Amino acid sequence: MIAALRNLTNDPDRTALHRSLRVALVMPVLFAFGLQGLESPQFALLGAFGAFSTMAMADFMGPFRSRLVAYLVLMLVGCLLIVIGTVLSNSLWPAVAAMLVFGVTLQFAAVLGGQFMLGNSAAILIFVLCAMVPASNDFIPDRLGGWILACTGAAVATALLWPRNERRDLYQPLVEAIRALAAVARSIAAGDLPGSGIDHAKAVIDRVREVHSAFGFRPCGPAGQRRALLGLIDDLGQCWVFAGAVPAGSRMSAEDRRLADAVATTLDPRSRR
């Protein structure tokens, strides 16, 4: 049964599993604290949904400092949305108009990519929740308290519970793939057959694609950096195809060997002999 479930899932580095466990550990605690400890349903409501939105929907990526700043910005934006959503929760058409304005604004901000895109859905969910659950203005402090505690808990949980380093997890396999292709190009330049090197390069490139696919739709960094990263991964696959297309036992001219040597040096300058 467990083996069958592993075959059905695509979570090589257990990113989704760790994200689910963080939500499962933090969300019930905040809900119970608000409902039983403070006896405030509004605090519990925003604490529970805030924990889900910040850790399951946002789940910011990048270095610790970048994630901390992203959570801080999301908390401030969420506070504004909570106040406006609660004020408009007892009126229909003003809430609809505000949803149109905030929805368009947040979706437009998502084109900036990176943390803006990751926090977009979480911010929209918080506004929708506050606007659709009627409450008087007297409950604004309770809702703000639940939201602020949820953001604080998310920042702490993501830093302590299975912290991730996307740059290390993705860039290290990328470096290994580039060096493997450099070794293949160096073998071709020397007039030797790549042999097992071509298979090793294919395995490393497949590993890069697995790690990248584990991020799913969760991009990190500026839009230009993401496009360059995707282009590099595609180019690695094309380089492997070209290297594998070299016929066995083929005689290469001196110019072709110099070209292959230049390619190897460009990919991995340390491999130059």
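The values are calculated or read from the model by the stated rules, or taken from the named source; none is laboratory data. For clarity, every value in this text was computed on a predicted model and none was experimentally measured. Neighbour counts are summed over all protein chains in view; Cβ atoms, including those assigned to glycine, are modelled from backbone coordinates with ideal geometry.
Within segment 174-187, residues that are of a type in the set (D, E) have Cβ atoms under 9 Å from residues that are surrounded by fewer than 22 Cβ atoms within 10 Å (Cβ to Cβ) in these pairs: E176/V204; E176/R207, counting only partners at least 6 apart in sequence or on another chain. Residues that are part of a helix (DSSP H, G or I) and of a type in the set (S, T, N, Q) within segment 147-166 comprise T152, T158, listed in sequence order. Taking segment 63-75 as the range and being more than 16 Å from L46 (Cβ to Cβ) and part of a helix (DSSP H, G or I) as the test, the residues that pass are F64, R65, S66, R67, L68, V69, A70, L72, V73.
Conditions tested, residue by residue: (1) modelled with pLDDT under 90; (2) of a type in the set (F, W, Y); (3) part of a helix (DSSP H, G or I).
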position: R6; (1), (2), (3): yes, no, yes
position: A44; (1), (2), (3): no, no, yes
position: A56; (1), (2), (3): yes, no, yes
position: M61; (1), (2), (3): yes, no, no
position: V77; (1), (2), (3): no, no, yes
position: L81; (1), (2), (3): no, no, yes
position: S89; (1), (2), (3): yes, no, no
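Determine whether D206 is over 30 Å from S121 (Cβ atoms), within 27 Å of the chain's Cα centre (by Cα) and at pLDDT 75 or above. It is true that D206 is over 30 Å from S121 (Cβ atoms), within 27 Å of the chain's Cα centre (by Cα) and at pLDDT 75 or above. Looking at I126, is it among the hydrophobic types (A, V, I, L, M, F, W, C), in contact with a Lys or Arg (Cβ under 7 Å, 6 or more places away or on another chain) and touching a residue at least 60 places away in the same chain (Cβ under 8 Å)? Taking the combined requirement at face value, the residue does not satisfy it. Close contacts from segment 63-92, counting a first residue that is buried (at least 18 other Cβ atoms within 10 Å of the Cβ) and a second that is among the polar types (S, T, N, Q), with Cβ to Cβ under 6 Å and a gap of 6+ residues or different chains, come to A70/Q115.
So that you can scan it fast, the table gives a plain yes or no per residue for (1) assigned by TED's automatic domain parsing to the domain that holds V263; (2) in a helix (DSSP H, G or I); (3) modelled with pLDDT of 80 or more:
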residue	(1), (2), (3)
L118	no, yes, no
A122	no, yes, yes
F127	no, yes, yes
G145	no, yes, yes
R179	yes, yes, yes
R186	yes, yes, no
G197	yes, yes, no
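Residue-by-condition table, conditions (1) at pLDDT 75 or above; (2) closer than 30 Å to Q115 by Cα; (3) polar (S, T, N, Q); (4) surrounded by 11 or more Cβ atoms within 10 Å (Cβ to Cβ):
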{"site": "V211", "(1), (2), (3), (4)": "no, yes, no, yes"}
{"site": "G224", "(1), (2), (3), (4)": "no, yes, no, no"}
{"site": "A228", "(1), (2), (3), (4)": "no, yes, no, yes"}
{"site": "L232", "(1), (2), (3), (4)": "yes, yes, no, yes"}
{"site": "G244", "(1), (2), (3), (4)": "no, no, no, yes"}
{"site": "T266", "(1), (2), (3), (4)": "yes, no, yes, yes"}
